[in-house]
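Structure record follows, encoded as structure tokens.
The values are calculated or read from the model by the stated rules, or taken from the named source; none is laboratory data. Small disclaimer: the values here were computed from a predicted structure and weren't measured. We place every Cβ from the backbone using ideal geometry, glycine too, and count neighbours over all the protein chains shown. Remember, those area values only see protein heavy atoms, side chains included, never the ligands or the DNA or RNA. Shrake-Rupley method; radii C 1.70, N 1.55, O 1.52, S 1.80 Å.
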Amino acid sequence: MNAERERSVTEAFVSLADSLVGPFDVVEMLDGLTEECVRLLDVASAGLLLADGSGVLHVVAASSEQTRSLELFQLQRDEGPCLECYRTGVTVGVADLQRHADRWPQFVPAAQKRGFVSVHALPMRLQDQVLGALGLFGATVGSLNDDDLSLGQALAHVASVALVAGIATTDRTRLNQQLQNALESRVFVEQAKGAIAQHANVTMEEAFTLLRLYSRDHDQRLTDVAQAVATRSIPIQQVAGSRQSAR
Amino acid sequence: MAGAVGPVESADRLCHACVDLLRVDGAAISYVHHGTSRGTFGSSDELSRRWDQFQFTFGEGPCLDAVRQGRPVVAGDLQDPKEVRWPAFAGAMLGDGVRGVFAFPVRIAASRIGALDLFRRTPGAIDDDVLDGAGWASQLAALPLLDLISADVDWEAIGEGGGWSQLESLERIEVYQATGMVQVQLDVDATEALIRLRGYAFSHDMTISEVAWAIVERQLSLSPDDFGTDPDGTATSLL
């Protein structure tokens, strides 16, 4: 590891650790994790899927807020490397998706269409329980090197620990509740993005940026603002108008 | 709705299944909108309906708490002196010989619209397998509730397969985003926006995902006129 990369890695963990002190926002924390993956690892896109109480996977974070990218992760509730990783609890590495078109007839063409040709899925684990999977998509054929894989896994571990915040894996009711809250937060974020995109006539990515700006300017958690927008408890023009303060 | 099972009947069936499968003595589904109690919707039998309605009579109970808090609320023994959460409700239940009540929130796209309540005559904690089963059942309960609050839609046109695939069709990123967009387009809340989306899909023979993509990609914008029967833009008499 060269010095510059070492510093980046350290910064990534420090930033994750910082986000855990005090009240942190689960969507922002996990979004941050996927962004770090893209920055530090040899991958083009990263996304995180969490299982609900029934074992169904849902997208909870991604390095891009583009709807089509999110959909590619979401598709894996039905098939794909992340689902396999979640079910088996072990890393699934696919150096060349082309050779697995029969294995995942929906997922492979969808990934290729968006320019991804390799995938690695790493389990989010807490002791013996699998919570979900971290999906890493590459734009070039080939396997991730061991350094990248273990760094990705380390980031996934930190996120798992943060996510369940000290709840024992034996306390299933609380554990499920915690995961459910994270999933619900994501639904609110998507609804709020839609509402802002419609109101301000901007893309979903821009709508997310506005949401983020507003939450930072007002020192509120991202998902609290998203929920307030989705439930219409704050006027949308307040949040959609935060573009001005960005300039 | 010839030949189709109406929402009340399917809610009743679900409650019967809970009694059969989850080792409880009664089950009911209540409908709660905007945190206001609206009433019991389906039940396994008349007694369960009565028990469920106690919560609306007294304005307190595990179902209302489950909806408010968005998490399961369990009371293994209403007779336990430490159980002080709902004195009036507990008194009435104990009078009928009910010791345990377990309530699970019912959600549609993160909006809590009701609860599934399980009743037991014997005290005790709830087993993990019952907890799992109740989790599934409370997800399924979203369907009849959704049908109930969108009663103006022609459900004979439903072409999306069984209950699970219908529920799954709602749990998609593009549907969440489109719901937000429709909220602004029609100036309605999230539940109603979702009902409009679903109604548009059925009446135009499209999947919900197709409608959602068309909205997200701005090829389609919903207007109150899309629902000819109700020009003022209100979804149903229930909302």
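Brief remarks on what is shown
- For chain A, the longest principal axis of the alpha carbon atoms and the long axis of helix A:146-164 meet at an angle near 40°.
- For the stretch A:1-78, relative contact order (Cα pairs under 8 Å, six or more residues apart, normalised by length) works out to 22 percent.
- Leading residue at positive end of dipole, the protein assembly as shown (Cβ point charges), from B:56, B:200, B:134: B:56
- Neighbouring partner chain Cβ atoms per residue of A:226-239, average, 10 Å criterion: 2
- For B:184-190, mean number of other protein chain Cβ atoms within 10 Å: 4
- The charge dipole of the stretch A:19-97, taken about its Cα centre with unit charges on the Cβ of Lys, Arg, Asp and Glu (plus for the first two, minus for the last two), comes to roughly 120 debye.
- Sulfur and carbon atoms: percent of accessible area, the stretch B:62-102 [1.4 Å]: 53 percent
- Summed buried accessible surface, chains B and A, 1.4 Å probe, nearest 100 Å²: 2900 Å²
- Relative pair counts by distance (%), Cα atoms of the stretch A:1-93, 10 Å bins: 15, 40, 34, 10, 0
- Per residue accessible area of the protein assembly as shown, 1.4 Å probe, in Å²: 41 Å²
- Between residue A:165 and residue B:203, the simple spin-label model (points 7 angstrom out along Cα→Cβ) gives 4.3 nm.
- For the protein assembly as shown, a Kirkwood hydrodynamic radius built from all Cα pairs, placed in the Stokes-Einstein relation at 10 °C and 1.306 mPa s, yields a translational diffusion coefficient of 67 µm²/s.
- Cβ-placed point charges (K, R +1; D, E -1), dipole of the stretch B:70-141 about Cα centre in debye, nearest 20: 300 debye
- Burial order of peptide ranges B:135-143, B:192-200, A:89-97 (average beta-carbon count within 10 Å, highest first): B:192-200, B:135-143, A:89-97
- Gyration tensor (alpha-carbon) shape descriptor, the stretch A:116-239, a/c threshold 1.5: oblate
- With all protein chains in place and ligands, DNA and RNA left out, the 1.4 Å accessible area ranks B:127, A:219 as A:219, B:127, largest first.
- Listing of the stretch A:41-64 residues, each with accessible area lower by at least 40 Å² in the full protein assembly than in the chain alone (probe 1.4 Å): A:54
- Inter-chain neighbour count for A:179-189: the average number of beta-carbon atoms from partner chains within 10 Å of each residue's beta-carbon is 4.
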